[in-house]
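A short write-up of the structure that comes next.
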Amino acid sequence: MNETPWVINQPDAMHFAVNRATLVDPQVLEFERRRIFDVCWIYVGHESEVRAPGDFKTRTVCGRPVILCRDSRNAVRVYLNTCRHRGAMVCREAEGNAKHFTCFYHGWTYDRDGALYGLPGQNAYPPSFNRAAFALKEPPRVASYRGFVFLNFDADAMALDDYLAGAKEYIDLIIDQSPSGEMEVIPGTQEYDIRANWKLLVENSFDDYHLLSTHSTWLNYLKNSGVEMKRPDEGHLLPAHGVGKVLGNGHAVIDNINFRGRPVARWIPIYGEAAKPEIEHIRAELVGRLGEARAARVADTNRNLVVFPNLVLNDGSSVTIRTFHPLAPDRMQVRACALGPKEESATARAVRLDSFLTFYGPGGFATPDDIEALESVQTGIASFREIPWSVMTRGMAKEGEQLNTDELHLREFWIQWDKLMRAA
């Protein structure tokens, strides 16, 4: 391992810097795969994506193909999508419902519970062959919190509940939007690659500092649509107050008073007049169920939560689940989808999806801007040998509360990253 530090953290000197080699070096990525993605709890999917016995979704997590599914007892399971015979994937469909998973190479077949159900010519195997020993393999640890399913390849990892630490408070705020406590992934997934290091998207996902410059077109759109844009208070860059918080184990959040409108908060002109009664009804239901204080917490603040290392929950004008995995030092694959209350009306669902696509969609106001910014960073840091450090000291001189436009929450990610990367 290179003796040059990857992260410099000197609180007394108010100095924090990240070595740009961490964003370009293939050896760093290989360490990340072993020391971060193989030991942390990694998001797989949401329970609502597989509802009935046999329902399944296939995706790649930590470089491994996996099957997220319901077994014969309707329990959520995660299988490694590889045949125990010679390694081919046993399920090559993106989603569906299946009684069995059959490897197309040699015909080995597994049932919904992962057991080896049948194989052609079993009598050709020796007497010692034990079919029960060749069930589909599962990750060492699988657990869920409030419908969010995670896996962990470290059998000795701490419990998911402990790992999530303070992030649970913000997941609970999302779940509280549903009268029944059931949120569901809305059909339709965005999948795309970004020609940039995966950690740059972590930074971008809860960095409100770039909002005024990178997303000025969107802010002008809101203003021109009749949305009230107040002058920022002294010491603030944005129209409403927001803070950055650390939540333990590398998780962090920006927690903002809402100024841009959200379907559970208040009506704004871009939602259209037809949505006004529905949004008022949603707000009244929240107050009646949760009380004024909790309803205000759910409806009048918006949050961008990062669950270390690679899950982002954007709880703002819509609820977005975004996860991403490195393909190379300078390329990542991103998956994003919208989440909403199971029982919401067609009108509320339409407003939610419109909000999701308007800001986070592939042709929306935010995502293309952010991709351009991250790819520009990746291009710029090709000069990492001449300019090796990126500074991240915004807010370090302050005592007490840190703003959403400071960099405390970004530093928290990098501190945990560095801790794990240097672990024995």
query = Out of all the residues in the stretch 75-83, is one or more over 24 Å from the mean Cα position of the chain (by Cα), more than 30 Å from Arg411 (Cβ to Cβ) and not assigned by TED's automatic domain parsing to the domain that holds Thr189?
reply = yes
query = Filter the stretch 273-292 for residues that are among the small types (Gly, Ala, Ser) and at pLDDT below 95; which is farthest from the chain's Cα centre (by Cα)?
reply = Ala274
key: Members of the stretch 379-424 that are crowded, with 20+ Cβ neighbours inside 10 Å and β-branched (Val, Ile, Thr)   = Ile381, Thr405
ask   = Do you know which of the residues in the stretch 335-363 that are surrounded by fewer than 17 Cβ atoms within 10 Å (Cβ to Cβ) and of a type in the set (Gly, Ala, Ser) is nearest to Ala21 (Cα to Cα)?
value = Gly363
task = Only one of these is more than 21 Å from the chain's Cα centre (by Cα) and of a type in the set (Gly, Ala, Ser): Ala94, Ala21. Name it.
result = Ala21
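State yes or no: is Cys69 hydrophobic (A, V, I, L, M, F, W, C), part of a loop (DSSP other than H, G, I, E, B) and either on the phi > 0 side of the Ramachandran plot or buried (at least 16 other Cβ atoms within 10 Å of the Cβ) (or both)?
When the stated conditions are applied, Cys69 does not pass them.
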message = Quick check on my filter: what residues within the stretch 9-45 are over 29 Å from Leu164 (Cβ atoms), part of a loop (DSSP other than H, G, I, E, B) and not hydrophobic (A, V, I, L, M, F, W, C)?
response = Asp12, Asp25
note = The lone condition Gly380 fails out of (1) assigned to a helix (DSSP H, G or I); (2) under 24 Å from the mean Cα position of the chain (by Cα) is (2)
key: Residues within the stretch 286-328 that are of a type outside the set (Asp, Glu), closer than 30 Å to Cys62 by Cα and in a strand (DSSP E or B), tallied   = 20
query = Of everything in the stretch 83-94 that's in contact (Cβ under 8 Å) with a residue 40 or more places away in the chain and farther than 13 Å from Pro120 by Cβ, which residue is surrounded by the fewest Cβ atoms within 10 Å (Cβ to Cβ)?
reply = Arg84
task = Test each condition in (1) within 25 Å of Cys62 (Cβ to Cβ); (2) surrounded by 13 or more Cβ atoms within 10 Å (Cβ to Cβ); (3) outside the structural domain of Thr379 (by TED's automatic domain parsing) for Asp162 and report the one that comes out false.
result = (2)
note = Lys99 meets each of (1) surrounded by fewer than 16 Cβ atoms within 10 Å (Cβ to Cβ); (2) closer than 23 Å to Tyr192 by Cα with one exception, condition (2)
task = For the stretch 273-291, name all the residues that are of a type in the set (Gly, Ala, Ser), in contact (Cβ under 8 Å) with a residue 24 or more places away in the chain and surrounded by fewer than 17 Cβ atoms within 10 Å (Cβ to Cβ).
result = Ala274
request  = Please enumerate the residues belonging to the stretch 1-53 that are buried (at least 18 other Cβ atoms within 10 Å of the Cβ) and farther than 28 Å from Ile387 by Cα.
outcome  = Phe37, Cys40, Trp41, Ile42, Tyr43, Val44, Gly45, His46, Glu47, Glu49, Val50
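The values are calculated or read from the model by the stated rules, or taken from the named source; none is laboratory data. It should be emphasised that the depicted structure is a prediction, and the values quoted were computed from it without experimental measurement. Note: ideal-geometry Cβ built from the backbone for every residue, glycine included; neighbour counts use all protein chains shown.
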